[in-house]
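Single-structure report; data block below.
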Ligand code: M6R
């Protein structure tokens, strides 16, 4: 979603803020702006479009000053234009605010402020905050922000500067991530660690209801009653190279090619080959507690929801425990059957997805124990879950999730091994066989990647298609969903994933010679079944692209294109089969001239409901 970065220290702020914004651009990117405190007051420069446009504007009209805040926007209220871009200024021009989140009572507050003579110039809810802070201001910025926030309903991560109470940044959080970066006689505020990683690795995560006041000399964190809070400083060990493209044309391509390593990292030190199980240090659950659960609910959004479907299949097969998979966005608006006997697994790459976080909190309220499968270390879901399994996939910058997905599947399997063995549903021998399969995965992914050119050729053939169908069965039905999601989000081609056998209940009506149908058809326990579905498509002149794993006479003459992946056990097929589908989406999108890392309307981390 939107990104925030702020700097207070001895250096000229603009280049630092621009660098931070560029690193945040993947979060949201319809407009951007900076507010810098210089001798003459607070000066803002904003522009619609990409950060590069703001950079050009700042090159023409440089702003000096050593305290500043900046923002990259993903529109919620009002179109993405220059006026609606952040920062927003108070009416008297002394206070600048950047904001992530949604002020739910903005209309009421706006009416109240208009009644007191404030004139609004933008369509945003954030402008309400700027005027409200001015209304509360009596010489001390943190007091004014505190007083204003008491009147606000909704979610926010904000950073505020004032030319009257100058050389400080006041920041506050409720529902939108924010962290402090601690430097040597300089300090930072950011919504995401990548914005400040080139300057410091020492960070403090703000929790909901906390406010920070930063200046050159240090920082203070207080609660909403102005009571000081002692915070722990965390050390970030991500490497800077991990958040750079490193010679690849796009982050997405880099991340696809990182998968041999990231899958290895997810497994590292966690497999007990001889015992056929796994060792997971962060669960915070004793074996007795793990055995006490009667059911599991997995909740997530988007790609993470697809991995949850694979997890459901694994857990029910190998641990023999009932599992429900829930869209996080729907979960708390029903009356789900969740109680203290329920284990709620929450899957999120970012650990900040608003719907997923809310679902986790709802599950907790109902008494469930929560386990976070999260990639971003220190993220809100990781901190608030009772226990967890980090993916260790490294920063994922491409908006289309790739390496996080394969690591999620592997992490779910690690947990399944543990629970299956504990519950006596999984034999040591079968567990060890699965682990042998897992150990082979990185090398097998490498083999798939070595043949990326074959996928590029298929992409060339189908790049002008208007629709795609993706069909799979069993463990590969979620792979079909994921393949379709990848294609639509970055190439803007309409694509649908379906369980292959469901096709004849409706989507078959769409099939003609113009319809490419991607079958995920490796040699597994449902191979024969899916063969019939391939024949059904071919009989209607559909164009068949199949991901297979061996030479199959049953498919002779049926396939327009075939991509062979290495053989593995059924439950590991999703990891191998998803890689060519990621590549297919990538190459089709590139050939259509789409901006793969910044697809239109999307944001990497969806921190509003
Ligand atoms: O960070 P999360 O895993 O919670 O994100 C969930 C979805 O927003 C995310 O997977 C989204 O669907 C991606 N754009 C998919 O590529």
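Laboratory data are not the source of any read-out in this text; all were calculated from the coordinates shown. Because the structure is a prediction, the values reported are computed rather than measured. Neighbour counts are summed over all protein chains in view; Cβ atoms, including those assigned to glycine, are modelled from backbone coordinates with ideal geometry.
Once the chain from residue 237 to residue 456 is taken as fully extended at 0.36 nm per residue, the excess over their C-alpha distance is 75.3 nm.
On the beta carbon distance between residue 591 and residue 116, with R0 = 51 Å, the FRET formula returns roughly 0.35. Computed from the C-alpha gyration tensor, the three semi-axes of the ellipsoid equivalent to the chain are 45, 27, 21 Å, from longest to shortest. Of interest is the spacing of the C-alpha centroids, which for segment 354-402 and segment 518-572 amounts to 35 Å. Any idea what diffusion coefficient segment 218-352 gets from Stokes-Einstein, in µm²/s, Kirkwood Rh on alpha carbon pairs, 4 °C, 1.567 mPa s? The calculation lands on 69 µm²/s.
Were the residues from residue 53 through residue 428 laid out at 0.36 nm apart, the gain over their Cα-Cα distance would be 129.1 nm. Inter-label distance, residue 446 to residue 523: 2.4 nm, where each label sits 7 Å from its Cα along the C-beta direction.
Protection proxy ranking for 198-207, 344-353, 293-302, using the average of other Cβ atoms within 10 Å per residue and placing the highest first: 344-353, 293-302, 198-207.
Set the Förster distance to 22 Å, then compute FRET efficiency between residue 330 and residue 383 from the Cβ-Cβ distance, nearest 0.05. Calculated transfer efficiency: 0.35.
Working ranking of peptides 118-127, 444-453 by packing, defined as the average number of other Cβ atoms within 10 Å per residue, highest first, is 118-127, 444-453. Listed from fewest to most Cβ neighbours within 10 Å, the set 264, 134 follows the order 264, 134. Taking packing as the residue-averaged number of other Cβ atoms within 10 angstrom, the listed peptides 156-168, 413-425 run from highest to lowest as 156-168, 413-425. Oblate is the label for segment 243-449, because the ratio a/c of its alpha-carbon gyration tensor axes (a ≥ b ≥ c) is 1.5 or higher and a/b is not greater than b/c. Each of residue 104 and residue 244 was given a label point 7 Å from its Cα along the Cα-to-Cβ line. The distance between the two points is 4.4 nm. Take the Cα of residue 510, step 7 Å toward its Cβ, do the same at residue 560, and the gap between the two points is 1.4 nm. Please compute the contact order of segment 110-236 in relative form: average sequence separation of alpha-carbon pairs under 8 Å and at least six residues apart, divided by the residue count, as a percent. Relative CO of segment 110-236 lands at 17 percent.
Let me know the Kirkwood hydrodynamic radius for segment 3-236, please, with Cα pairs as the basis and the value in Å to one decimal. One decimal place: 17.1 Å for the Kirkwood radius.
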